[in-house]
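Structure first, commentary second.
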Amino acid sequence: MARDVIGGLRAEARLAPESGIVEVVNAARNREGLIPLWVGEGDLPTPDFICNAAKASMDAGETFYTYQRGIPELREALAGYHQDLYRKPFSPEQFFVTGSGMQAMQIAVQCVAGAGDEVVFPSPAWPNLAASVGIMGARAVPVAMDYGDDGWSLDPQKLFDAVTPQTRAIYLNSPSNPTGWVADRQLLNIILEEARARGLWILADEVYGRFSYQGTGPAPSFYEIAEPDDRILFINTFSKNWAMTGWRIGWLSAPPEMGQVIENLIQYSTSGVPVFSQRAAIAALTEGAGFLKQQIERAEGGRRIVVDGLSESNRIRLSVPDGAFYLFFGIEGIDDCRRLALDLVARTGVGLAPGSAFGSGGEGFLRLCFARNPDQLKVAVERIASAAGDFR
Ligand SMILES: Cc1ncc(COP(=O)(O)O)c(C=O)c1O
């Protein structure tokens, strides 16, 4: 008799959810004329000056084990980058190099949530937070954001009402994947005050912080209002800003007292990030301002194309995203967005992510990534707008 392999697994591993985007991708990945806007990344390759830094490092023989926390030069560069951006002092001791933003999130969750604990978060959201919390044996508690004529909004009282004696942390992703919503400074203050009063951690996922369309600077950040001893863990990545999604390198920032704890958690997972990737990351931080500016401008142009193109159709409901690089929109009268995403890619070749993949509140929406080639975006929105009338 066959042995029950799966039944022998730890429930939290067995029950980790499959991605809701992959089903749509698998159904159409080889379709001719496909325009894949279901992705969570831009389409520009990593610039040469970043790749060359990695090559030079490899040529110099930097292929050995290294510091768990990250090489000192990169931690220095991270402190300098934040100092320039937020115009306040930062110490290299606050920064820890991780093998992606995803690993920064995983370590942050490991630090604060174990069996029986809860983490509260606004939903819809990038599904990996809830999955990481679940794998730890803790419970991720979604709090529905509101959607109305003015777009997405978060009532902080609803967030606090979801806090129980088991709650250890609030996760906030602003600018948001998938909605493009951006928390204002006042909301960040309210959340920080409440977290301080209740002894909660904040998991601040600011990976899209540079992609803000509200002014010239970055989106409002907890960095601007935090004290050094606040219980805030910042999740960040090189992936989005510098077109480095495949490199798998990110960073966590945390109160310096946590240094040994985080070092240990890195030791018992990846044991550190390759030095040559870290050299590339230094090049990104110290020489990458021009490239990043271009990326932001390109995304802003993409945003204009998709918002203008889709606003012409009276069946499409959308709110203009203030940040990140996604448009989260729906087709009036259609709730089954999984079916809609499958039909849309089959009929038009435009690949979008179903909103249901982003948890409660995402049903009825589709996510489109606009950090892509503008000509392709124009074709995609024409095809979506002309097909929109046909869906029932
Ligand atoms: C909200 C959010 N946080 C974190 C990440 C992690 O990015 P990465 O693992 O590529 O560094 C992503 C990637 O899509 C994201 O959307």
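Just to be sure, is residue 65 more than 16 Å from the ligand (Cβ to nearest atom), touching a residue at least 60 places away in the same chain (Cβ under 8 Å), surrounded by fewer than 21 Cβ atoms within 10 Å (Cβ to Cβ) and farther than 22 Å from residue 231 by Cα? Judged against the criteria, residue 65 is a match.
Take the range 85-113 and flag every residue that is in a helix (DSSP H, G or I), under 21 Å from residue 242 (Cβ atoms) and within 10 Å of the ligand (Cβ to nearest atom). Give the steps one after another, and end with the answer.
The initial filter retains those residues of the range 85-113 that are in a helix (DSSP H, G or I), namely 85-86, 92-94, 101-112.
Still in the list and also under 21 Å from residue 242 (Cβ atoms): 85-86, 92, 94, 101-105.
Of everything in the range 85-113, those that are in a helix (DSSP H, G or I), under 21 Å from residue 242 (Cβ atoms) and within 10 Å of the ligand (Cβ to nearest atom) turn out to be 101, 102, 103, 104, 105.
Candidates 185, 210, 198: the one that is basic (Lys, Arg), within 16 Å of the ligand (Cβ to nearest atom) and at pLDDT 95 or above is 210.
Looking at the range 234-348, the helices (runs of 4 or more DSSP H) lying wholly inside it that each contain 1 or more residues that are closer than 21 Å to residue 21 by Cα, hydrophobic (A, V, I, L, M, F, W, C) and more than 16 Å from the ligand (Cβ to nearest atom) sit at 289-311, 337-348.
Yes or no, residue by residue, for (1) closer than 19 Å to residue 88 by Cβ; (2) out of contact with any His (no Cβ under 8 Å at 6 or more places or on another chain); (3) outside the structural domain of residue 99 (by TED's automatic domain parsing); (4) aromatic (Phe, Trp, Tyr):
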{"residue": "184", "(1), (2), (3), (4)": "no, yes, no, no"}
{"residue": "194", "(1), (2), (3), (4)": "no, yes, no, no"}
{"residue": "203", "(1), (2), (3), (4)": "no, yes, no, no"}
{"residue": "208", "(1), (2), (3), (4)": "no, yes, no, yes"}
{"residue": "220", "(1), (2), (3), (4)": "yes, yes, no, no"}
{"residue": "228", "(1), (2), (3), (4)": "yes, yes, no, no"}
{"residue": "233", "(1), (2), (3), (4)": "yes, yes, no, no"}
{"residue": "244", "(1), (2), (3), (4)": "no, yes, no, no"}
{"residue": "250", "(1), (2), (3), (4)": "no, yes, no, no"}
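Listed conditions (1) outside the structural domain of residue 31 (by TED's automatic domain parsing); (2) under 28 Å from residue 237 (Cβ atoms) are all met by residue 392, apart from (2).
Are any of the residues in the range 50-57 modelled with pLDDT of 95 or more and closer than 13 Å to residue 254 by Cβ? Spell out the reasoning first.
Residues of the range 50-57 that are modelled with pLDDT of 95 or more, as a first pass: 50-57.
Right, trim to closer than 13 Å to residue 254 by Cβ and you get none.
Scanning the range 50-57 turns up no residue that is modelled with pLDDT of 95 or more and closer than 13 Å to residue 254 by Cβ.
On the basis of being open to solvent by less than 20 Å² (accessible area, probe 1.4 Å) and either over 21 Å from the mean Cα position of the chain (by Cα) or more than 24 Å from residue 368 (Cα to Cα) (or both), does residue 180 make the cut? The answer is no for residue 180. Candidates in the range 1-54 are the residues that are more than 30 Å from residue 176 (Cα to Cα) and basic (Lys, Arg); of these, the one that is most open to solvent (accessible area, probe 1.4 Å) is 3. Within the option set 160, 211, being aromatic (Phe, Trp, Tyr), within 12 Å of the chain's Cα centre (by Cα) and open to solvent by less than 20 Å² (accessible area, probe 1.4 Å) holds for one residue only, 211.
If you go through the range 213-233 and pick out every residue that is in contact with a Lys or Arg (Cβ under 8 Å, 6 or more places away or on another chain) and not in a loop (DSSP other than H, G, I, E, B), you end up with 2.
The values are calculated or read from the model by the stated rules, or taken from the named source; none is laboratory data. All values reported here derive from a predicted model rather than from experimental measurement. Counting neighbours? That spans all protein chains shown, and the Cβs are built from the backbone with ideal geometry, glycine included. Accessible surface areas use protein heavy atoms only, side chains included; no ligands, DNA or RNA. Shrake-Rupley method; radii C 1.70, N 1.55, O 1.52, S 1.80 Å.
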